[in-house]
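K.L.:
This structure is in structure tokens; I'll ask about it shortly.
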Amino acid sequence: MTLYIDPPTWPGHGRLWSHLVSDVSFEELHAFAAAIGCPPRAFERDHYDVPEAHYADAVRAGAREIGSKDLVRRLTAAGLRRPKGRPAPG
């Protein structure tokens, strides 16, 4: 199981956010997110938004820290990228 998280550099709602992704499956991603306490509403198309305050929790639980560009490359290579405006498969 490999989950990835980028640094909390994305501003929104008065705080900074990270993106948590899997390069294997959404099932793996949802299970990991639930285990670290991410609410289902934090899922957006192909990733979970993780507030800066919970970044260290995700890393301690096993998420690998990578840069944002590498995160998108891995997500795209795995066929799990779902950009805005593109419907989810099946």
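The values are calculated or read from the model by the stated rules, or taken from the named source; none is laboratory data. Predicted model only: the values in this text are computed from it and were never measured. All Cβ positions, glycine included, derive from the backbone under ideal geometry; neighbour counts span all protein chains shown. All accessible areas refer to the heavy atoms of the entire protein, side chains included, with ligands and DNA or RNA removed. Shrake-Rupley method; radii C 1.70, N 1.55, O 1.52, S 1.80 Å.
K.L.:
Looking at the stretch 22-31, is at least one residue on the phi < 0 side of the Ramachandran plot, in contact with a helix residue (DSSP H, G or I) (Cβ under 8 Å, 6 or more places away or on another chain) and hydrophobic (A, V, I, L, M, F, W, C)?
P.N.:
The answer is no, given that none of the residues of the stretch 22-31 is on the phi < 0 side of the Ramachandran plot, in contact with a helix residue (DSSP H, G or I) (Cβ under 8 Å, 6 or more places away or on another chain) and hydrophobic (A, V, I, L, M, F, W, C).
K.L.:
Got a number for residues in the stretch 14-38 being open to solvent by 20 Å² or more (accessible area, probe 1.4 Å) and in a helix (DSSP H, G or I)?
P.N.:
Here the count works out to 7.
K.L.:
Which condition breaks for P89 when tested against (1) of a type outside the set (V, I, T); (2) closer than 11 Å to D23 by Cβ; (3) modelled with pLDDT under 95; (4) open to solvent by 80 Å² or more (accessible area, probe 1.4 Å)?
P.N.:
(2)
K.L.:
I'm told P11 meets every condition in (1) in a loop (DSSP other than H, G, I, E, B); (2) open to solvent by 40 Å² or more (accessible area, probe 1.4 Å) except one. Can you identify the failing condition by its number?
P.N.:
(1)
K.L.:
Separate question: For the stretch 39-70, which positions are open to solvent by 70 Å² or more (accessible area, probe 1.4 Å), touching a helix residue (DSSP H, G or I) at 6+ places or on another chain (Cβ under 9 Å) and in contact (Cβ under 8 Å) with a residue 12 or more places away in the chain?
P.N.:
E65
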